[in-house]
Amino acid sequence: MVFYMTLPRALKAKKYAMDEKCGKTITMDGKIFHSANIQQTFRNNYALNTRCRVLFETMEPYRFIIVFKRLDIEFEPLCDDDNLQIFDGNSTSHPTIKGLPSRICGQERPPGSYVSTSSQIMMAFHSDFYDVRDGFEITLTTFREPPCEGEEEFRCRNGRCISALLQCDGTNNCGDYSDECQWTAGVLVGILGGVLFLTIAGIVAVRFGRKKRLLKMPRKLKKDKTREMTLEIFSTPEEDVKCEHQPTTSSKRSQAPVPEVHQSHCHLYKIGEETRDKTHIKI
């Protein structure tokens, strides 16, 4: 069975580790470079005593959509020890992005999506000497206000215009998931994998059951063969006649001793009469 399904051609987001870009500027033009995956580090944990700033910029009239995918920064009630700040402009003198805490820490990622008011944002990360964690992972997507440009752009349900190449890529670029297909490639792989597993399991079960029956069959045949041999020994016509003509009177002749084999057979013959089936005597 073969499944065919056409999905829009998705564009993979570029990945950056913030600790490798400290003091640098990353430009996303909005035409070719539409989305980026930003992590604090590609290592298991971020470093102690870190001071890192990275500037992200795009071209007017594009701005940025910010979506948190993961957050694991040492928690402190005021986030004074380790924290992330995202400023709505090209320096730390600008206010932080509207809707986000001024300092971000802990393990509870900010829900939903957040947008910049300008074409530049600055990320600043700080860690102390004490504890380190995994860091964070953020999706940055360039967008502009409608009207959207024909087939080149996709209009999100929330009205934002993003590149049509970002549809069905497994990433929430719009911020409301409206750019994701109902049946993405990942979902299809999962479904097909489940069907394949069940098919293989069914074949194995059928073959195992057949093998089990074949293994039991010789033992059953052996039992039947033994019973047939036993019946042949004790079912000769001559012995049947002897049992049928045993006198029942009290004459001297009737008191003559009966051979041991004859007695045994007569006993079996009586059992056969009681069950009304001579050919199925149970031994």
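Tabulated results
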| item | result |
| --- | --- |
| Residue 117 buried (at least 20 other Cβ atoms within 10 Å of the Cβ) and not hydrophobic (A, V, I, L, M, F, W, C) | no |
| Residues satisfying the stated conditions in segment 142-167, i.e. acidic (Asp, Glu) and either in contact with a Phe, Trp or Tyr (Cβ under 7 Å, 6 or more places away or on another chain) or not in a helix (DSSP H, G or I) (or both) | 145, 149, 153 |
| Residue check, residue 3 modelled with pLDDT under 95, of a type outside the set (Lys, Arg) and within 35 Å of the chain's Cα centre (by Cα) | yes |
| Number of the condition not met by residue 12 [criteria: (1) within 37 Å of the chain's Cα centre (by Cα); (2) part of a loop (DSSP other than H, G, I, E, B); (3) at pLDDT 85 or above] | (3) |
| Of all residues making up segment 25-57, the number that are exposed (fewer than 12 other Cβ atoms within 10 Å of the Cβ), outside any strand (DSSP E or B) and more than 26 Å from the chain's Cα centre (by Cα) | 2 |
| Candidate set from segment 58-88 (those that are in contact with a His (Cβ under 7 Å, 6 or more places away or on another chain) and in a loop (DSSP other than H, G, I, E, B)); member that is surrounded by the most Cβ atoms within 10 Å (Cβ to Cβ) | 82 |
| Counted residues, segment 89-109 - those being surrounded by fewer than 16 Cβ atoms within 10 Å (Cβ to Cβ) and without any contact (Cβ under 8 Å) to a residue 12 or more places away in the chain | 2 |
| Close pairs (9 angstrom Cβ cut-off, 6 or more residues apart or separate chains): in the same structural domain as residue 162 (by TED's automatic domain parsing) in segment 47-74, surrounded by 18 or more Cβ atoms within 10 Å (Cβ to Cβ) and of a type in the set (Asp, Glu) anywhere | 47/19; 50/19; 50/82; 52/19; 73/82; 74/82 |
| Residue satisfying condition, being surrounded by fewer than 18 Cβ atoms within 10 Å (Cβ to Cβ), assigned by TED's automatic domain parsing to the domain that holds residue 167 and not hydroxyl-bearing (Ser, Thr, Tyr), within set 143, 129, 136, 125 | 129 |
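The values are calculated or read from the model by the stated rules, or taken from the named source; none is laboratory data. In this text, all values refer to a predicted model and were calculated from it rather than measured experimentally. Every residue, glycine as well, gets a Cβ built from its backbone with ideal geometry; the counts of neighbours run over all protein chains shown.
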